[in-house]
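Peer 1: One structure, as structure tokens, below. Some questions next.
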Amino acid sequence: MNKIVVKDRLGKNYNLPANPGSTIMEIIRDAGLDIEAACGGCCACATCHIYVDNEWLSKLNPKDEDEESMLDQAFEIKENSRLGCQIEFDEDLNGIIVELAPD
């Protein structure tokens, strides 16, 4: 079974089942974790801001201009900041580790 590992804002880890074709944001939201995702995945807000474990960054597609622009509006940006709606899960990302950014 494919999965992602998500650390919530209280430091608790969750192993969430993941289906290829879903975004990281959708997987987290559908599991009922605390991710706002106000725009529903249109890259029009930064409320699905996550931190991707550094070991996984090289497996992701680079940020595009829209994602960079939205991240400029987020709080507590780090080198490994990404928008969960912009990362489509596939089997190469099985086991990816992410952390929810602060509200």
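Peer 1: Can you pull out the residues in region 1-47 that are of a type in the set (D, E, K, R), in a strand (DSSP E or B) and under 23 Å from Glu76 (Cβ atoms)?
Peer 2: Listed by number, the list holds a single entry, Lys7.
Peer 1: So, Ile24, is that one among the hydrophobic types (A, V, I, L, M, F, W, C), in contact with a Leu (Cβ under 7 Å, 6 or more places away or on another chain), surrounded by 16 or more Cβ atoms within 10 Å (Cβ to Cβ) and at pLDDT 95 or above or not?
Peer 2: No, not satisfied.
Peer 1: Could you list, in sequence order, the residues of region 48-71 that are of a type outside the set (Lys, Arg) and part of a loop (DSSP other than H, G, I, E, B)?
Peer 2: Scanning region 48-71 gives Cys48, Asp53, Leu60, Asn61, Pro62, Asp64.
Peer 1: In this structure, is Asn2 crowded, with 17+ Cβ neighbours inside 10 Å and either of a type outside the set (A, V, I, L, M, F, W, C) or more than 13 Å from the chain's Cα centre (by Cα) (or both)?
Peer 2: Here the answer is yes, as Asn2 does meet what is asked.
Peer 1: As an exercise: evaluate Pro62 against (1) surrounded by fewer than 18 Cβ atoms within 10 Å (Cβ to Cβ); (2) touching a Gly at 6+ places or on another chain (Cβ under 7 Å) and give the number of the one condition it does not meet.
Peer 2: Only one criterion in (1) surrounded by fewer than 18 Cβ atoms within 10 Å (Cβ to Cβ); (2) touching a Gly at 6+ places or on another chain (Cβ under 7 Å) is unmet by Pro62, namely (2).
Peer 1: Can you tell me which of Ser58, Ser81 is at pLDDT 95 or above, under 12 Å from the mean Cα position of the chain (by Cα) and of a type in the set (S, T, N, Q)?
Peer 2: After ruling out the rest, the residue left standing is Ser81.
The values are calculated or read from the model by the stated rules, or taken from the named source; none is laboratory data. Bear in mind that the values here come from a model prediction, so they are computed numbers and not experimental data. Positions of Cβ are generated from backbone atoms using ideal geometry, with glycine treated the same way; all protein chains shown enter the neighbour counts.
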